[in-house]
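The values are calculated or read from the model by the stated rules, or taken from the named source; none is laboratory data. This is a predicted model, so every value here is computed, not measured. Neighbour counts run over all protein chains shown; Cβ positions are idealised from the backbone, glycine included. Please note that ligands, DNA and RNA were not included when accessible areas were found on the heavy atoms of the full protein model with its side chains. Shrake-Rupley method; radii C 1.70, N 1.55, O 1.52, S 1.80 Å.
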Amino acid sequence: SPRSGISLPRFVMGIYFQHIVEEASRQLQKVHGGRYQMRIASDASGGARLAGLELEVLDSTHAGARPVKSLSGGETFLASLCLAIGLTTRLQAHEGATINAMFVDEGFGSLDRSSLEDALEVLNVARAGHAGRGLVGIISHVDALKEVISSRIEVTADPKGSRLTVRV
């Protein structure tokens, strides 16, 4: 609208983004014992404020909100994972899109054991949300994943080329 300085398409995108962030926050509350929530920053400045795209995290162990940039590498990975799940959930709910697969490339190396378990639980919940038919592919070199994921394709480098081994 002319008064707020935001175009109608940007305003509509902001509302859509708000729904995505709300879903991501619901997912994020499932990790680290519900320590984190995510929201669109209310005190962003300049273009970020007008676009409504700056995020902040509410951390139950600290008073008030803090920028997403202040999260550790593992926490950032979990927040990004929750945003991706929030996006796919909202696309399916609002747009009628069918998304039967999600692939996560790396990021697991930055997680401690507890965070790794949290991330896998979030992915299991997302997969179960597809009536148990959803496929979650993880591309990773983290050996700890082999202990918890029985069905996998292992790629082994060989002087003659790569070799695939399917584990079911």
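In a DSSP loop and with at most 13 other Cβ atoms within 10 Å, the trypsin sites (Lys or Arg not before Pro) in segment 72-168 are Arg133, Lys160. Which of the GluC sites (Glu not before Pro) across segment 69-168 are loop residues per DSSP, with 13 or fewer other Cβ within 10 Å? Those satisfying the criteria are Glu106. Return one number: the angle in degrees, 0 to 90 and rounded to the nearest 10, between the long axis of the Cα atoms of helix 113-128 and the longest principal axis of the Cα atoms of the chain. For helix 113-128, the angle is close to 80 degrees.
Dipole magnitude for the chain: about 340 debye, using +1 per Lys or Arg Cβ and -1 per Asp or Glu Cβ, origin at the Cα centre. Taken about its Cα centre, segment 92-168 carries a charge dipole of about 400 debye when Lys and Arg each add +1 at the Cβ and Asp and Glu each add -1 at the Cβ.
Compare the Cα positions of Ser60, Leu111, Ala84 along the charge dipole of the chain (+1 at Cβ of Lys, Arg; -1 at Cβ of Asp, Glu; about the Cα centre) and return the one farthest towards the positive end. So the residue furthest toward the plus end is Ala84.
Seen against the Cα atoms of the chain and their longest principal axis, helix 73-95 is set at about 70 degrees.
Taking every protein chain into account, the 1.4 Å probe leaves Phe77 with about 30 Å² of accessible area, to the nearest ten. Size of segment 47-168 from its Cα atoms: along the principal axes, largest to smallest, the extents are 54, 35, 27 Å. In the context of the full set of protein chains, residues of the chain present 61 Å² of accessible surface per residue (probe radius 1.4 Å, heavy atoms only). Which one, Ser140, Ala126, Ile15, is farthest towards the positive end of the dipole of the chain when Lys and Arg carry +1 and Asp and Glu -1 on their Cβ? It is Ile15.
Using a simple spin-label model with pseudo-atoms 7 Å out from Cα toward Cβ, Arg10 and Thr165 lie 5.5 nm apart. Using a probe radius of 1.4 angstrom, the carbon and sulfur fraction of the accessible surface of the chain is 56%. Anisotropy class assigned to segment 105-168 is oblate, per the alpha carbon gyration tensor with a/c at or over the 1.5 cut-off and a/b no larger than b/c.
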